[in-house]
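Since the structure comes first, as structure tokens, the remarks are kept for the end.
Nothing in this text is a laboratory measurement; each read-out follows from the coordinates by a stated rule. Keep in mind that this is a model prediction, so the values were computed, not measured. Note that we place each Cβ from the backbone using ideal geometry, even for glycine, and neighbour counts take in every protein chain shown.
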Amino acid sequence: MRGLVFGRLSIAASLLVCASQVSAECAELLRYQHTELRSDGVVNFCERYAGKVLLIVNTASRCGYTPQFKGLEALYQRYRDRGLEIVGFPSNDFRQEYADAEKTATLCYVNYGVSFTMLSSSAVSGTAANPFFIHLQEQGAEPPEWNFYKFLIDRDGQFTTSFPSSVTPESPAITDLIDALLERP
């Protein structure tokens, strides 16, 4: 019995060492968790996105740029097998997001067929910004000035550049840079 308890402690200790190694290897920007849209599931960025190229987008359901969901989904389908992940952060910072997560989910999943990760609504600018967007700013990103700002993160978890709302997801400015980042190991 004593050996069995010791064995369990050894396994637990090994798991703690492995967890600390993953954390040490994960970029600071990706040490973040957020609840998924219309779910109790939590997205652990280190686990899900380490080693991937990320396109982060602050979204809104009732905005003139909302049809960009279609282009974002097309971009995701085009590049996901090569290592691109897109993460949508719905936000009411500019007063154009539904207060009801179900309405946001319906718009994204039913109306636009979004299959990339959408998170629960949160602030992305100002003093109430979520920690992910605060870390983006610490890496040199300007806070979004409107909905559908796009932030490109390289495989090392470093902010690369951002694009304003007016730059569409299928723009060569975005796709050329995604191609270049995906070609890097």
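Some observations on this one:
- Any hit, segment 65-77, residues being under 15 Å from the mean Cα position of the chain (by Cα), buried (at least 19 other Cβ atoms within 10 Å of the Cβ) and farther than 16 Å from E170 by Cα: no
- Unique match (being of a type in the set (D, E, K, R), in a loop (DSSP other than H, G, I, E, B), out of contact with any Pro (no Cβ under 8 Å at 6 or more places or on another chain) and farther than 16 Å from W146 by Cβ) among R38, R48: R38
Okay, residues lined up against (1) surrounded by fewer than 18 Cβ atoms within 10 Å (Cβ to Cβ); (2) β-branched (V, I, T); (3) under 13 Å from the mean Cα position of the chain (by Cα); (4) within 20 Å of R38 (Cα to Cα):
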| residue | (1), (2), (3), (4) |
| --- | --- |
| I86 | no, yes, yes, yes |
| K103 | yes, no, no, yes |
| L107 | no, no, no, yes |
| S125 | no, no, no, no |
| A128 | yes, no, no, no |
| H135 | no, no, yes, no |
| E138 | yes, no, no, no |
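- Of everything listed in (1) within 18 Å of the chain's Cα centre (by Cα); (2) assigned to a loop (DSSP other than H, G, I, E, B), the single unmet condition for L181 is (2).
- Within segment 134-164, the residues that satisfy the criterion of being in contact with a strand residue (DSSP E or B) (Cβ under 7 Å, 6 or more places away or on another chain) and assigned to a loop (DSSP other than H, G, I, E, B) are Q139, G140, A141, E142, P144, N147, F148, Y149, D154, R155.
- Matching residues in segment 103-143 - criterion: being touching a Leu at 6+ places or on another chain (Cβ under 8 Å) and among the aliphatic types (A, V, I, L, M): A105, V114, M118, L119, L136
- Total residues in segment 165-178 satisfying the condition of being within 13 Å of V57 (Cβ to Cβ), in a loop (DSSP other than H, G, I, E, B) and in contact (Cβ under 8 Å) with a residue 40 or more places away in the chain: the figure is 3.
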